[in-house]
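Contents: one structure, followed by commentary.
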Amino acid sequence: MKPAVHTPHTSMTDTAPGTPYDVLGVDRHASAEELRRAYRRRQRETHPDLGGDPAAFHAVQVAWELIGTPALRAEYDRTAAGAPRSARSPQAQDEGTRVWTTGMGRGSARPPSAARSYGHPGGASRQRYLTLIREWAGRGVELDDPYQEDLLRRAPLEVRHALADALAEEATARIVSSLGPAFAVWHDVATARDSEAWTRDAGLGPSESAKLDHVVLGPTGLFVLQSEDWGAPARPRGGDLVSDALPPGAQPLRSLARRARIARSWGAAVTALVVVLPDGALEEDVVLLRRGRGRRPARLAVRRSSLSFLLTVGLPGTGRLPDAAFFELRARLQEYIRFV
């Protein structure tokens, strides 16, 4: 049975008396670390599995979602003080409009059945495509339609692959956004604390993008996804994937693993690294390339149509995240993840 995951409210009045600070038992001027410690303490005190009150546990989660990050806390404090929405800082405004669910406008409300979705899926790849297609066309050449079919047919493979990347990422985003409120998704996640230095330290090649296409957190664990469409079938070899469309020596899973090291700085253990491919590119729905062991994530390739099943059912023998662990990890990722 899936663990119950609440949908956050916008008010505390129907879950517990007082402010979020009262619920967590801290002064409104408490430091971020004091707030975090109080949240963890109240989690333990109220968790139903430890003899706590389910309603109180729910109130703790709601309180944390209102003030758990600096941007949310600043917005709550301004709202509580009666400040108009226009008084929100640029950072808070950006955080409030960063939610993207495919098919929705920026700043639109999230449907109740949709996963929490952050970042711009395919945005960096589309920008890369537009840059490459204009460079290929030549300086001073005006492109009325950079997506014109004849133009694409004549463009070099690297240019066409950049657009294929964007389309693949957008297709994956549509799938993961429909997983429901038990999931949270981050798109176009930066793997750079210092872009060039991190790329060099991670051992990435010059053509490897220092980003993760999608990071998905759900009851079955934390998954890092890479969306691809190489235009040719792929097959397993030596714990990785090979394809006639890839350059000799390319190791997409190994490259993904290097970029996924950024999760260490989030204090998170990745359950699996997954390359998502068009259905016709794989002979099976799910291909296990390497089993997970300890803190080493599993490596898989999956047909796009089977991605939802993989994420909701999970990997054999991995179990499910308890509610408290899910909420805590989601809050931590929301605080530390950055976007390209």
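Each value in this text was obtained by applying a stated rule to the coordinates, not by laboratory testing. All of these numbers come straight from a predicted model, not from anything done at the bench. Using ideal geometry, Cβ is built from the backbone for each residue, glycine included, and neighbour counts are taken over all protein chains shown.
A few remarks follow.
- Fewest-first ranking of 67, 337, using other Cβ atoms within 10 Å as the exposure measure: 337, 67
- Fewest-first ordering of 160, 237 by other beta carbons within 10 Å of each residue's beta carbon gives 237, 160.
- For segment 205-313: span of alpha carbons on each principal axis (Å, largest first): 37, 34, 22
- The residues neighbouring residue 287, those whose beta-carbon lies less than 15 Å from its own, together hold a net charge of +1 under the Lys/Arg +1, Asp/Glu -1 convention.
- Extension gain, residue 145 to residue 50, is 28.1 nm, computed as 0.36 nm per intervening residue step minus the present C-alpha separation.
- Extension gain from residue 325 to residue 264, taking 0.36 nm per residue of separation minus the Cα-Cα distance: 20.3 nm
- Here the scattering of segment 288-340 is modelled by Debye summation over its C-alpha atoms, one equal scatterer each and no solvent; at q = 0.13, 0.21, 0.31 Å⁻¹ the log10 of I(q)/I(0) is -0.47, -1.07, -1.08.
- Extension gain, residue 279 back to residue 137 (0.36 nm per residue minus Cα-Cα distance, nm): 47.9 nm
- Computed over the alpha-carbon pairs of segment 116-336, the distance histogram in 10 Å steps reads 8, 33, 37, 17, 5, 1 percent, short to long.
- Kirkwood-Stokes translational diffusion coefficient of segment 242-299, alpha-carbon pairs, 10 °C, 1.306 mPa s, µm²/s: 123 µm²/s
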